[in-house]
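As structure tokens, the structure follows; a few thoughts come after it.
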Amino acid sequence: MIEKASMNEIMKESPSKEETSFSSFVVDVRNLAKRYGDFAAVNDLTLQVKKGEIFGFLGHNGAGKTTTINMLTTLLEPSSGSGKVAGYDIINESLEVRRRIGYLPENVQFYDSMTAYENLEYFAKLSGIKKPDSQIWEVLDFLDARSYADKKISALSKGMRQRIGIAQAIIHEPEILFLDEPTTGLDPFGVKQLRDIILRLNSQKGITIFMNTHLLQEVTKTCSTIGVLNHGSLIYLDSLSNTMKRFKDEGSLEDIYLNIENNEEE
Amino acid sequence: MLSFSIAKNEIRHLLRERTFFLILSVFILITLASTYIGWSSQHTIESVYQESAILLTAAGQNVPPSPFSNLPTLDIVKNMIIYIVLIGSLLAITVGHSIGTKDQKAGVVRILFSKPVTKKDVLIGKVTSLMLVLFAIMIVSLGISIASIAMLSEIHSAMFLQLIGFYGISFLYILGFGLLGLAFGLMKRESATALLIPVIIWIVITFALPEMGSALYPTSSLNPILPQTNILDSPVLSTIHNILYPFSISEHYKLLSSAILALQGTESVVSVTYSPIMNMFILTIWLILTLAVSIYAMSKFDISRGDVYE
Ligand SMILES: Nc1ncnc2c1ncn2[C@@H]1O[C@H](COP(=O)(O)OP(=O)(O)OP(=O)(O)O)[C@@H](O)[C@H]1O
Ligand SMILES: [Mg+2]
């Protein structure tokens, strides 16, 4: 007993190299794969995302972006490989992972018969917040969405719903926020506002962002790191500054992105 | 604690659904109607009897005893048994279906399971809300029955217990159907199939099995206390009957209810009958099975499913 206790103390004082490297990565997955029969939706994905980053996950339709997010948010069990999100194993410690993440699905929806406030209250309680009232108003203020609170979800426009979607994802102050194609269906003004919100979440609340998109300009405007997924495989991974240096301007990066697509499709 | 929030949310959602209120009001109306019909038919025959008794006495003839003189007062709720079998169970299926499909129809499955909730929390929450709602409906029905009996004739304490027993059994019976509605709501991706399968099971249990199980009598499934003549002389029919009888859950419910309400004419003439304890045992098995189906459905539930739901 005594031996074990002192062992623990030693472990605490000098964490192994492995642990230090893990703690600076909010997402750390190794050889992650998802197969449907013979078809590999995601193939051998090894990826790290550092704390505080805005990671842009770029890929064509059907590349496997949503499948990847589903695995990282513990909604889908990988066929093989392993990974940690917010320091916890996505397979064996899924509840611990879920406590520390926020997730905005593609085309977010809510209980239509309930108001925005009631929806937020319900999801906040499920996140373990016993009396969520003050938190609800706080995030609504942060998102400039206070006036939506008493509206039925069915009465909200796509852009308003998107904000409530973000509100439910951040109300429990997650370490990392997963956004699946957050700009889909928003007008240019809405896209701009969303971009500002993402940047503020990152800088003011210190939330790491993992964002799926198939729009290149989205990534270059908001993200600090870029990953490109092509038919289930990660084919590019670098910081935005390096990428910009390497490709000089957005146009040539787009050329490369499109060329990759075309080459693979052929 | 999480299950409590989930159950509360399910109930709130149900209370905001118009269809639920529609079916509930139909059920309440039927409860009222059944007692009234039971009372009025009894009342009509009774007054005809009184008149003929007067005529008979005037003619100096013997007056036979009233046909209702030896009937228990609870006879006027006997129609409720049929209404539970026919409508109560359907109501339970729709409630279960609504609870089972709610999250998918709303398209919130992925948000829901991105929160630290387990499938077990969600299932417990859903089953709890189903039980509470069906329980509340039975309480309302019980109240209506007690009130109308008290108004139409006199009521005494033993009858309270009988009625509570009857509605308790009815609760268990319809809960099974509610669980089926819930289970197939979770299992199927299309609302139509999810509703159709439990309804087919309901048809089999309510009509097909009793028809084949008890004497192949067209009306026997509808009338719990019809004295049955034995047409099971044919060995083939009686074999079919013996095999299917244990599965005729509605029969067991009807017999048990009649026994609890001490209704007359329940003695079945069919070749196999079970004691009330056996009836109760089969109802318990029914509940355990339907609960097992719900647990299975939840274990297979795809939590990464998107917003496509028809
Ligand atoms: N349950 C499933 N069964 C079979 N194949 C699937 C399943 N889910 C996804 N797929 C396939 O996996 C591939 C990746 O799908 P995914 O939704 O991850 O793509 P995506 O990158 O998010 O695309 P989009 O930009 O269109 O949202 C697609 O080809 C899809 O058809
Ligand atoms: Mg997608």
inquiry  = Name the single residue that is farthest from the chain's Cα centre (by Cα) among those in the range B:7-25 being aliphatic (A, V, I, L, M) and exposed (fewer than 15 other Cβ atoms within 10 Å of the Cβ).
reply    = B:15
inquiry  = For the range A:172-186, which positions are away from ligand 1 (no atom under 16 Å from the Cβ) and under 13 Å from residue A:215 (Cα atoms)?
reply    = none
Exclusive hit being crowded, with 22+ Cβ neighbours inside 10 Å and outside any loop (DSSP other than H, G, I, E, B), set A:194, A:177, A:140 = A:177
ask   = Mind checking whether some residue in the range A:147-168 is surrounded by fewer than 16 Cβ atoms within 10 Å (Cβ to Cβ) and within 16 Å of ligand 2 (Cβ to nearest atom)?
value = no
query = Restricted to the range A:60-75, and to residues that are surrounded by 24 or more Cβ atoms within 10 Å (Cβ to Cβ) and at positive phi, which residue is farthest from ligand 2 (Cβ to nearest atom)?
reply = A:74
message = For the list (1) assigned to a helix (DSSP H, G or I); (2) free of Cβ contacts under 8 Å to residues at least 12 places away in the same chain; (3) out of contact with any strand residue (DSSP E or B) (no Cβ under 9 Å at 6 or more places or on another chain), I need the number of the one condition that residue A:130 fails.
response = (1)
request  = Using the structure shown, decide if residue B:182 is under 15 Å from residue B:129 (Cα atoms), touching a Lys or Arg at 6+ places or on another chain (Cβ under 8 Å) and either surrounded by 18 or more Cβ atoms within 10 Å (Cβ to Cβ) or at pLDDT below 85 (or both).
outcome  = yes
The range A:40-56 residues that are within 14 Å of chain B (Cβ to nearest Cβ), paired with ones that are more than 16 Å from ligand 2 (Cβ to nearest atom) (beta carbon under 6 Å, 6 or more apart) = A:42/A:33
request  = Kindly establish whether residue B:93 is in a helix (DSSP H, G or I), within 19 Å of residue B:133 (Cβ to Cβ) and touching a Pro at 6+ places or on another chain (Cβ under 7 Å).
outcome  = yes
task = Taking the residues in the range B:89-132 that are among the charged types (D, E, K, R) and within 16 Å of residue B:14 (Cβ to Cβ) as candidates, determine which candidate is surrounded by the fewest Cβ atoms within 10 Å (Cβ to Cβ).
result = B:105
key: Failed condition for residue B:123, given (1) within 14 Å of chain A (Cβ to nearest Cβ); (2) over 20 Å from the mean Cα position of the chain (by Cα)   = (1)
request  = Could you list, in sequence order, all residues of the range A:78-107 that are within 16 Å of ligand 2 (Cβ to nearest atom), surrounded by 17 or more Cβ atoms within 10 Å (Cβ to Cβ) and at the interface with chain B (Cβ under 7 Å from one of its Cβ atoms)?
outcome  = A:103, A:105
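The values are calculated or read from the model by the stated rules, or taken from the named source; none is laboratory data. All figures in this text were calculated on a predicted structure; none of them were measured in a lab. Cβ: placed from backbone, ideal geometry, glycine included. Neighbour counts: every protein chain shown.
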